[in-house]
Amino acid sequence: MIIGKNVILHHMNPDTVQDIYDILHSDEASGKGFLERDIYYLNEIARIKPREREGSFLLIKERSSQKNMGVIFYQLKLKHLQATFGIIILKDFQKKELGLEAHDLMVKYLFDSYPIQKMEGPITAKNKPSLIAAQKAGYKIEGVIRNTWFHDGELHDLIYIGLLREEFFARINNKDVSDQLNSPLKIVEKEMSYERSFIKKN
């Protein structure tokens with residue numbers, strides 16, 4: 001259990017599997033096919049200790065009412081020091097803007113528990129609210145894969161977003177450095193430095 005100011009994250013266990021399954025198959029999860037899992041698959045994960053899982057689903061509850069408000073998902077890619085994620089917030093709770101707190105609790109848990117250096121994930125181009133929420137959380141757009149997601153009889157673009165460890169901790173510690181890390185000037189300076197060192201070697 002991970003407790004925040006307004007939300008609580010419950011690691012998946014036999015008592016929460018059905019609630020997680022119901023949210024994954026709710027209207028709010030429509031179009032997020034990478035989150036659709038059957039009940040057997042969820043039960044298999046629930047038998048594994050949280051720290052030994054390569055990926056999992058966490059049930060999000062509003063702390064004051066103890067009502068289920070969503071699900072957050074992660075998949076570790078430890079070989080590359082990364083993790084992917086996805087989040088679903090039920091409609092009744094979307095205006096309360098508790099999704100950011102749930103996200104921050106999960107990401108801090110992952111950064112504190114594993115040597116990962118980056119969070120990343122895909123968002124369909126038509127899902128503008130999720131993209132805006134991700135950018136509020138500090139994610140940068142890293143690329144677009146065109147016509148790669150088929151849903152409701154149409155092909156959609158996927159937008160890939162990323163968040164570095166130092167950017168996350170800078171934001172939650174109220175240090176405004178994430179823009180500096182990704183500014184065009186810094187990128188150009190890095191490229192010029194690399195070119196100068198390459199020329200000297202050759």
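Values quoted throughout were computed directly from the atomic coordinates according to the rules given, and no laboratory measurement underlies them. Just so it is clear, the model here is predicted, and its values are computed rather than measured.
For the residue pairs Lys96/Lys140; Lys5/Lys126; Lys67/Lys108; Lys96/Lys128; Lys61/Lys96; Lys67/Lys140, the C-alpha atoms sit more than 21 angstrom apart in Lys96/Lys140; Lys5/Lys126; Lys67/Lys108; Lys67/Lys140. Binning the C-alpha pair distances of the range 1-116 at 5 Å intervals from 0 yields a P(r) profile of 2, 12, 24, 25, 22, 12, 3, 0 %, listed from the shortest bin outward.
Couplings 3J(HN,Hα) of the range 62-75, computed from phi: 6, 5, 5, 9, 6, 8, 5, 10, x, 9, 10, 10, 9, 9 Hz, in residue order, whole Hz [Karplus 6.51 cos²θ - 1.76 cosθ + 1.60, θ = phi - 60°; x for Gly and Pro].
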